[in-house]
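Notes follow the structure.
The values are calculated or read from the model by the stated rules, or taken from the named source; none is laboratory data. Predicted model only: the values in this text are computed from it and were never measured. Here the Cβ positions follow ideal geometry from the backbone for every residue, glycine too, while neighbour counts run over all protein chains shown.
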Amino acid sequence: MPALRRKSVPVWTVNSAIVILIAALWPISSAFDKYMDNYVLDVLIRMGFAIILAVSLNLINGITGQFSLGHAGFMAIGAYTGGVLLKHYQNDLVGMILPVAFVGVTVLGGITAAMVGLVVGIPTLRLRGDYLAIATLGFGEIIRVVLNQIESIGSFEVGGSAGLHDIPHIANFFWSGAWAIVCVVVIARLVYSAKGKPFFAVREDEIAAGAMGIDTTNYKVAAFVIGAFFAGVAGVLSATLSGNLDPGDFNFVKSIEIVVMVVLGGSGSITGSILAAILLTYLPEQLRSFQDWRLVIYALLLIVMMLVRPEGLLGNRELWRVRRTRVASDAANRGLAV
């Protein structure tokens, strides 16, 4: 009788494929910069940002079951951290130093957002449901108001209500795609590993998870910190794409846009968040020809989607796990036939 279990792909093969995929983005990005229309390229790059934001928020809202409305605040922290540093030191960043420095600044923006996420998460994540949503919403608004008031920090210009301008234009298709891949791989490997099972347990029944010995607060804070890190990364990338930052760009509406991506894709589905992020970045651009009715049509399409499929595009499923289950089922059926 043939084996019923499908052989798993060696880890080194998967890791090599990921590295090759990221490396391949460099020549592809160069070709896009040279031959692709700037508007289309800008939309593709923003799709990468949206994927990072949606997948990182899905770790908090969908996979761990917490309802956060403060993701735009973490994005703002990363954006201003990276924007302020890159503008201040832009004359010193030339040649081969620039890509290395940009990686460092992007990681620093993510770490800064993660540290704030830790400070905010420890007290607020003891709350549940609507109380947590209100607390995180308040945090996001505090960040926006503070950025509105700060003109400078020492010799570093912040901009205040006028915003921060003349940030170096660095982000391109390569950086957007590479960080999107890193975000998806890190979060997928975390939650679908043995150590990631408690995240799902907290979502399904926090009281039962605690009774089984899971430190639910630690896992909720961990999800919050990791999600905040990648939101900060997306913030740095967005700052260096447009070259301008305005505190008003990070209001609660931005957080709700990211939440809609998570809900539309399916709370708990990483691939669902990816599909929703691409769709909700592409769709508003296609509706620009209906300028007067664009937002109405956009809202109606979302309402219809929620009525027809309230669990989202993929629900809790992942495309790669569905395929694996089907392969295993086919192998079992063949074995039984023998």
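A few points about this structure:
- Contact annotation: residue pairs with Cβ atoms under 8 Å, 6 or more positions apart or on different chains, pairing a residue in the range 215-228 that is farther than 12 Å from I187 by Cα with a partner that is outside any helix (DSSP H, G or I) and at pLDDT 90 or above, are Y219/T64; K220/T64.
Residue-by-condition table, conditions (1) surrounded by fewer than 24 Cβ atoms within 10 Å (Cβ to Cβ); (2) aliphatic (A, V, I, L, M); (3) in a helix (DSSP H, G or I); (4) under 17 Å from the mean Cα position of the chain (by Cα):
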residue	(1), (2), (3), (4)
L241	yes, yes, yes, yes
G272	no, no, yes, yes
I278	yes, yes, yes, yes
L301	yes, yes, yes, no
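- Being at pLDDT 90 or above and either within 17 Å of H71 (Cβ to Cβ) or in contact with a Ser or Thr (Cβ under 6 Å, 6 or more places away or on another chain) (or both) is a description that applies to I187.
- Verdict on V221 being touching a helix residue (DSSP H, G or I) at 6+ places or on another chain (Cβ under 6 Å), in a helix (DSSP H, G or I) and either modelled with pLDDT under 85 or surrounded by 15 or more Cβ atoms within 10 Å (Cβ to Cβ) (or both): yes
- Pairs, first within 14 Å of A180 (Cβ to Cβ) in the range 17-36, second acidic (D, E) and surrounded by 13 or more Cβ atoms within 10 Å (Cβ to Cβ), C-beta under 9 Å, six or more apart: none
- Residue under evaluation V84, criteria (1) in a helix (DSSP H, G or I); (2) out of contact with any strand residue (DSSP E or B) (no Cβ under 6 Å at 6 or more places or on another chain), criterion not met: (2)
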